[in-house]
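Visitor: Below: one structure in structure tokens.
What follows is calculated from the coordinates using simple rules that are stated; it is not laboratory data. Given the structure is predicted, the values throughout are model-derived calculations rather than measurements. No Cβ is skipped: glycine too gets one built from the backbone with ideal geometry, and neighbour counts run over all protein chains shown.
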Amino acid sequence: MNVILWGANGAMGRLLAARLGGQVTGRVSIDGEDGAARTFAELPDPRADVILDFSHHTAVAGVLEAAKALHCAVVIGATGHTQAEKERIFAAAREVPVFYAGNMSLGIAVLCRLARLAAAYFPDADIEIVETHHNRKADAPSGTAHMLFQAIQAVRPEAREHCGRTGDGRREKNEIGISSLRMGAVVGIHEVHICTPSQTLTLRHEAHDRGMFADGAIEAARFVMGKAPGLYGMDGLLEV
């Protein structure tokens, strides 16, 4: 597997490089340090079966254009995309295989399935999502929290996100609350609280090491490489 790393000098880029070794055929990073190209155009010999993107959501247009130029797959691990950026991703998936997920952890993929199942079993329960990350994380709520909401929305199509509470914080019937905590060096904690008048079910996933995201991204790359154009995600990977 030949891989171009986008965001190569970030924490995830370095983890991926260490795991992939000689499979890395190109490195792109906006800082241009440690021999990385600043842009796709600066790569001396651009070739790849898949591009792994863990840069910044604003870089997605360049990532997608590179994937289309190389006719290769792309795994988008960056989070915080605007609606316009998401539309670019969806449009690109008509031309190349795109793996897009707010979290590359297999454990989170299982958590999404469990949250969807629990929401179906307790259709009238109040549901709150709480996510905790390190104090340097820029986007809130996390992409994973949105993934969890979307998983629940699959069985509660009338549900809507309510991010944070201030002032009059009374719940409305169809809302799913999402709260964000930013502190210390927490890698990532996601909790789903499903509460009825008589009981509460809490589902929790805690990341101990960023390596799990790198491992999941590599599995995603192997899964999507060589696929037909389309939009792929963690549900498809779990079915393999």
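Visitor: So which residues in the stretch 72-128 are small (G, A, S), in a helix (DSSP H, G or I) and touching a strand residue (DSSP E or B) at 6+ places or on another chain (Cβ under 8 Å), if there are any at all? Write out each step before concluding.
Guide: Initially, the stretch 72-128 is screened for residues small (G, A, S), giving 73, 77-78, 80, 84, 91-93, 101-102, 105, 107, 109, 115, 118-120, 125.
Retained after the next criterion (residues that are in a helix (DSSP H, G or I)): 84, 91-92, 107, 109, 115, 118-120.
Within the stretch 72-128, A92, G107, A115, A118, A119 meet the criteria.
Visitor: If you scan the stretch 10-25, which residues turn out to be under 22 Å from E65 (Cβ atoms) and either out of contact with any Lys or Arg (no Cβ under 8 Å at 6 or more places or on another chain) or surrounded by fewer than 19 Cβ atoms within 10 Å (Cβ to Cβ) (or both)?
Guide: Passing the criteria: G10, L16, V24, T25.
Visitor: Turning to a different aspect of this structure: Quick check on this structure: which one of I176, I194 is within 23 Å of D124 (Cβ to Cβ), buried (at least 18 other Cβ atoms within 10 Å of the Cβ) and over 21 Å from the mean Cα position of the chain (by Cα)? Write out each step before concluding.
Guide: On the way: I176 fails: over 21 Å from the mean Cα position of the chain (by Cα).
Testing whether each residue is within 23 Å of D124 (Cβ to Cβ), buried (at least 18 other Cβ atoms within 10 Å of the Cβ) and over 21 Å from the mean Cα position of the chain (by Cα) leaves just I194.
Visitor: Which of the residues that make up the stretch 63-87 are surrounded by fewer than 17 Cβ atoms within 10 Å (Cβ to Cβ) and under 23 Å from A138 (Cβ atoms)? Even if it seems obvious, please write down each step before you answer.
Guide: Keep residues of the stretch 63-87 that are surrounded by fewer than 17 Cβ atoms within 10 Å (Cβ to Cβ), which gives 65, 68-69, 71, 82-84, 86-87.
Across the stretch 63-87, the qualifying residues are T82, Q83, A84, K86, E87.
Visitor: So for the stretch 165-179 (the condition being outside any strand (DSSP E or B) and among the acidic types (D, E)), does at least one residue qualify? Step through it out loud before you land on a result.
Guide: First pass over the stretch 165-179, keeping only residues outside any strand (DSSP E or B): 165-174.
Then keep just the ones that are among the acidic types (D, E); that gives 168, 172.
Yes, the stretch 165-179 has at least one match.
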